[in-house]
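Reviewing the structure listed below.
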Amino acid sequence: MADIVSTLPDAILCHILSFLETKQSVATTILSKRWKYLWRSVPVLDLGRSAVTDQNAYIRFIHFVYSVLLFRDPALPIQKFKLIFGYHIHQIVRPYYPMDTITKWVDFVVQRRVEYIDLHVDLHVGTEYLPKLPISILTCNTLVVLKLVCFNVVELFSPVALPSLKTLHLDNIMFPELRDFMLFLVGCPILEDLSTFDVAFDSEESLTCDEWKSFCLTNLTTADIDCYCNHFPLKAVHNVSSLRLQIDQENCRNDFIHTFHNLTKLDLFCSSLHYNWKMVIEVLKHCPKLQKLHLNEVELEEGLWTRNDDNENWVDPDFVPQCLSLHLRTCYISSFFGLHGTELMLAKYILKNAKVLQTMNIWNSGQPEIKQQLSSSPVASATCKLTVYYVP
Amino acid sequence: MAEEKSQASSSKMLTLKASDGVLFEVELNIAKEMKTVQAYIDDCEDIETIPIPNVLGKHLAIVIEYIKKTNEEYDAEFEKQWNMDDLQLLLLAANYLNISGLQECLCKAIAKRIENKSPEYVRKVFNIENDHSPEEEAKLRKEYKWAFEGVDKD
């Protein structure tokens, strides 16, 4: 077949190249004369996963990036900047400090109206030392998507201003205090999708209850919040329709759980359903419209969760959570050990009270007899299909 | 009155004639997704058969199907069915007919097929003739050295 692709307009060819990593799109310069300069009009700087193992490789890499920045069409904005950079801190000696160079690149793309930043710098030294986050990111008014992995957000001297930001994913980020993280969120008024994993704080100081009482991310529809190590005020995300939440009983005091009026889908992670069943019921009481529930039991290090022996025995809640009576259609329970009474009682309670339940799936790692116990338990919904998978 | 009018326009049928003479009867609102066709209609209101001289019947059929069905799931499965030659011809068609959603889908699909492949492979798959002189190519390879490190030999 003839060379069809080269007859397409430049804009289309550049669009194809924009889905490739910059390394490959620059390499198309040798395809033919037609392709020689096309890469310069691609508004994306995607450096993908770049790991360097020695000084020379590092120098070749930064030489390449600077060439790209110099020769690309200067009038063109940079829509997307992605870099996952890994190196061993002792392999690159002074004066070449990668974070200085990377910070310059970030400043450059921020100036060129970048909309999407995905940045991960891995120093291979464990979590003790996290590189400093380039602060120009925090006042980039064109930014729509921000994904950060492994950074230290130092004291914010000027307010965070991210008026266009809709998606924020934070993984392994250190803030001085919880209040600094809240101030960060205040700077993202139109946020729709928030994900936090391993967000930690230098200082143990928790927020005073009143300070953030009325703060809410009103446009937020999806959130993924890790509450194990901190007391993130859940009120801030109470408008979401979909929530993934890692939580411990310890967090559930002083009005911590707010009512999630729009929540239809909940993925709840906690340690030991056996000790946390009361908290699960409490959460359900605060999700009146819940349609889909996924309960996950995770193994946590000691000290990260509280064992409350008072909760060893099941007690029927004083009233049935509204979501069970009216809305819950799907319920999944993973890592069901069923060894202790309360897990089984919780599952039975849901079956007994969820009037519109269609599907109940349980992944059972405990005794196989659990299946029979559940199958013969009273079920409120005539159309409910119960499946118990045995996962030894 | 307004309701009647919209009902009438959505059920109005139009005929599209592909380059090999194959005829397709489509609803007006489907045809309008092709901005080129829309422009044609805007210019000549009474037209009933619109010629599409650059697109084969085979590809026009696929394009029409795409417009009718498109959603995220369909997009993901759509690109898997076609070989590289067809993808390129479909992109040409989508570009001519000016259908932005389909163009986007096809650009992504083509990029996926050449991802991480060597320039030699890309030349082969697109039938690109290398009109660089050996000196020029060597110069480019040196200038952007890092871009040519560690690529798939496939």
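The values are calculated or read from the model by the stated rules, or taken from the named source; none is laboratory data. Predicted model, so just to flag it, every value in this text is computed and none were measured. Positions of Cβ are generated from backbone atoms using ideal geometry, with glycine treated the same way; all protein chains shown enter the neighbour counts.
The table below gives the values:
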read-out: Residues within region B:65-81 that are in contact with a helix residue (DSSP H, G or I) (Cβ under 7 Å, 6 or more places away or on another chain) and among the hydrophobic types (A, V, I, L, M, F, W, C), tallied; value: 2
read-out: Count of residues meeting criterion [modelled with pLDDT of 90 or more and either surrounded by fewer than 16 Cβ atoms within 10 Å (Cβ to Cβ) or over 19 Å from the mean Cα position of the chain (by Cα) (or both)] in region A:153-182; value: 5
read-out: Residue under evaluation A:Phe260, criteria (1) modelled with pLDDT of 80 or more; (2) in contact with a Phe, Trp or Tyr (Cβ under 7 Å, 6 or more places away or on another chain), criterion not met; value: (2)
read-out: A:Leu148 being closer than 25 Å to A:Val52 by Cβ, out of contact with any Ser or Thr (no Cβ under 8 Å at 6 or more places or on another chain) and not in a loop (DSSP other than H, G, I, E, B); value: yes
read-out: Subset tally (residues that are of a type in the set (Ser, Thr, Tyr) and at pLDDT below 95) for region A:113-135; value: 2
read-out: Residues of region B:12-52 satisfying the condition of being more than 22 Å from B:Ser100 (Cβ to Cβ), assigned to a loop (DSSP other than H, G, I, E, B) and not β-branched (Val, Ile, Thr); value: B:Lys12, B:Ser19, B:Asp20, B:Gly21, B:Cys44, B:Glu45, B:Asp46, B:Glu48
read-out: Selection from region A:1-33 of residues that are charged (D, E, K, R), part of a helix (DSSP H, G or I) and more than 7 Å from chain B (Cβ to nearest Cβ); value: A:Asp10
read-out: Index of the failed condition, A:Ile173 passing every other in (1) touching a Lys or Arg at 6+ places or on another chain (Cβ under 9 Å); (2) outside any loop (DSSP other than H, G, I, E, B); value: (1)
read-out: Residues of region A:34-58 satisfying the condition of being facing another protein chain (nearest Cβ under 10 Å), part of a helix (DSSP H, G or I) and within 30 Å of B:Phe126 (Cβ to Cβ); value: A:Arg34, A:Trp35, A:Trp39
read-out: Residue within region B:129-149 that is within 30 Å of B:Val26 (Cα to Cα) and either within 19 Å of the chain's Cα centre (by Cα) or not aliphatic (A, V, I, L, M) (or both) present; value: no
read-out: Looking only at region B:95-147, and only at residues there that are small (Gly, Ala, Ser) and either within 9 Å of another protein chain (Cβ to nearest Cβ) or in contact with a strand residue (DSSP E or B) (Cβ under 6 Å, 6 or more places away or on another chain) (or both), the one that is farthest from B:Gly57 (Cα to Cα); value: B:Ala147
read-out: Search result, residues across region B:41-85 that are surrounded by 15 or more Cβ atoms within 10 Å (Cβ to Cβ) and aromatic (Phe, Trp, Tyr); value: B:Tyr66, B:Phe78, B:Trp82
read-out: Residue in region A:99-113 that is surrounded by fewer than 15 Cβ atoms within 10 Å (Cβ to Cβ), out of contact with any strand residue (DSSP E or B) (no Cβ under 7 Å at 6 or more places or on another chain) and either closer than 19 Å to B:Pro119 by Cβ or within 13 Å of chain B (Cβ to nearest Cβ) (or both) present; value: no
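So that you can scan it fast, the table gives a plain yes or no per residue for (1) within 11 Å of the chain's Cα centre (by Cα); (2) closer than 22 Å to A:Ala2 by Cβ; (3) in a helix (DSSP H, G or I):
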| residue | (1), (2), (3) |
| --- | --- |
| B:Asn54 | no, yes, no |
| B:His59 | yes, yes, yes |
| B:Val63 | yes, yes, yes |
| B:Glu73 | no, no, yes |
| B:Gln88 | yes, yes, yes |
| B:Glu104 | yes, no, yes |
| B:Arg113 | no, yes, yes |
| B:Asn116 | no, no, no |
